[in-house]
Amino acid sequence: MKKQAIATGFVLFSFMLPTKVSAASFDRLYVFGDSLSDMGNIYNATGKTYPVSPPNFEGRFSDGSLWVDYVGNQLGLKPTLLTDIDFTTIPPTPIPTQGINFAFGGSSSGLGNAVVSNPNLPGVLKQVLGFAATVQANNQTADPDALYTLWGGANDFFFLNSEDSSTPISNISLALNTLVGVGAKNILVFNLPDLGQLPAAKINNRNPTTLSKSTNEFNLGLAETVSALSQNQNLNIISIDTYSLFNQASTLGFTNVTESCLSRPDICNPGNNKFLIWDGFHPTTSGHKVIADTVLAAIEAKSVPEPSINLGILALGAFGAIGMLKRQ
């Protein structure tokens, strides 16, 4: 293993890709989350064994690019994977100039990983707390002109406790408030699709009814947190309702929304198909494209605060100090 991380209703429905999204709106992209946003961190951390690629695409949990790939391309920003940064050098190399992707496949909403048995892999909350600690160690504030994205919670229900919605609500809400507390101004927040409707809800003795109930509870709790923060006129909270989006998938050109693509090799066409779900849990790249189009439309529709002086992390020197990564 080369490197390993250590302890460290709601959407504007427009599914047409905006003709232009100005990269000048955001100078960096910081991504916090799980496999829905992981462009290769868990793949690197497991010696490129998980997820198996192929059939998965280049360490992603899908058959192609993820929503964050598509959005980053439109914004002109490519965040550096956390596991690609060499923290044994001072300053770390390469120095991320366009943001960082902290997301790890399997991340719980809290401190650890719900899928891979490795105490060194950070959950969503730990990703945010590690970032915040770095900012504070430098006596700085988070870059106010960056876009911060937060999406997590599903792994808690699928792999930890399908009936406990209060823990992921608390964790994701704390992560969101932590980002605000260190100075993040532009925050993209996702709720969860109906987990009880995903193909994986029907396997391994899972109860689809329980998963749907917990999804609704989680989304309600998250919406309350977002609503409270949105009262702050200095914040630009952009909410993405994947629950409604997935429920409308059959009207958006998807001809199969009940089966996973991998379960139907006779008609599955990786990279270009009409399946919504790739492997039982995750969207196909076609599904991610629709999510990305929704995100870009929401960004375009939501006014962004005027640019301010960048007081962001300088050279990320503190990451080396707190040792978020190490060579194995």
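The values are calculated or read from the model by the stated rules, or taken from the named source; none is laboratory data. Since the model is a prediction, treat every value here as computed from it, not as a measurement. Cβ coordinates were reconstructed from backbone atoms using ideal geometry, including for glycine residues, and neighbour counts include every protein chain displayed. We work out accessible area using only protein heavy atoms, side chains counted, and drop any ligands, DNA or RNA first. Shrake-Rupley method; radii C 1.70, N 1.55, O 1.52, S 1.80 Å.
Determine if the range 86-94 includes at least one residue that is assigned to a loop (DSSP other than H, G, I, E, B), surrounded by 17 or more Cβ atoms within 10 Å (Cβ to Cβ), at pLDDT below 95 and of a type in the set (A, V, I, L, M, F, W, C).
Yes - at least one qualifying residue is present in the range 86-94.
Enumerate the pairs (first residue in the range 75-93 and under 19 Å from Ala45 (Cα atoms); second residue anywhere and open to solvent by 40 Å² or more (accessible area, probe 1.4 Å) and modelled with pLDDT of 95 or more) with beta-carbon separation below 8 Å, excluding pairs fewer than 6 apart on the same chain, so at least 6 apart or on different chains.
If the second residue must be open to solvent by 40 Å² or more (accessible area, probe 1.4 Å) and modelled with pLDDT of 95 or more, the pairs left are Pro79/Arg28; Pro79/Gln98; Thr80/Gln98.
Going by the conditions given, is Leu192 open to solvent by less than 20 Å² (accessible area, probe 1.4 Å), in a helix (DSSP H, G or I) and more than 19 Å from Gly112 (Cα to Cα)?
no
Do we have any residue at all in the range 201-209 that's out of contact with any Phe, Trp or Tyr (no Cβ under 7 Å at 6 or more places or on another chain), modelled with pLDDT of 95 or more, closer than 21 Å to Asn56 by Cβ and in a helix (DSSP H, G or I)?
There is at least one residue in the range 201-209 that is out of contact with any Phe, Trp or Tyr (no Cβ under 7 Å at 6 or more places or on another chain), modelled with pLDDT of 95 or more, closer than 21 Å to Asn56 by Cβ and in a helix (DSSP H, G or I).
Mind telling me which of the residues Gly106, Gly110, Gly130, Gly72 ends up being modelled with pLDDT of 95 or more, of a type outside the set (Val, Ile, Thr), at positive phi and crowded, with 19+ Cβ neighbours inside 10 Å?
Step by step, each of Gly106, Gly110, Gly130, Gly72 is checked, and only Gly106 is modelled with pLDDT of 95 or more, of a type outside the set (Val, Ile, Thr), at positive phi and crowded, with 19+ Cβ neighbours inside 10 Å.
Tell me, please, whether a residue that is part of a loop (DSSP other than H, G, I, E, B), within 13 Å of Val226 (Cα to Cα) and out of contact with any Gly (no Cβ under 7 Å at 6 or more places or on another chain) can be found in the range 157-166.
Of the range 157-166, the ones part of a loop (DSSP other than H, G, I, E, B) are 161-165.
Then drop every residue that is not within 13 Å of Val226 (Cα to Cα), which leaves none.
The answer is no, given that none of the residues of the range 157-166 is part of a loop (DSSP other than H, G, I, E, B), within 13 Å of Val226 (Cα to Cα) and out of contact with any Gly (no Cβ under 7 Å at 6 or more places or on another chain).
How many residues are open to solvent by less than 40 Å² (accessible area, probe 1.4 Å) and either in contact with a helix residue (DSSP H, G or I) (Cβ under 9 Å, 6 or more places away or on another chain) or more than 30 Å from Glu300 (Cβ to Cβ) (or both) when one looks only at the range 75-85?
Result for the range 75-85: 7.
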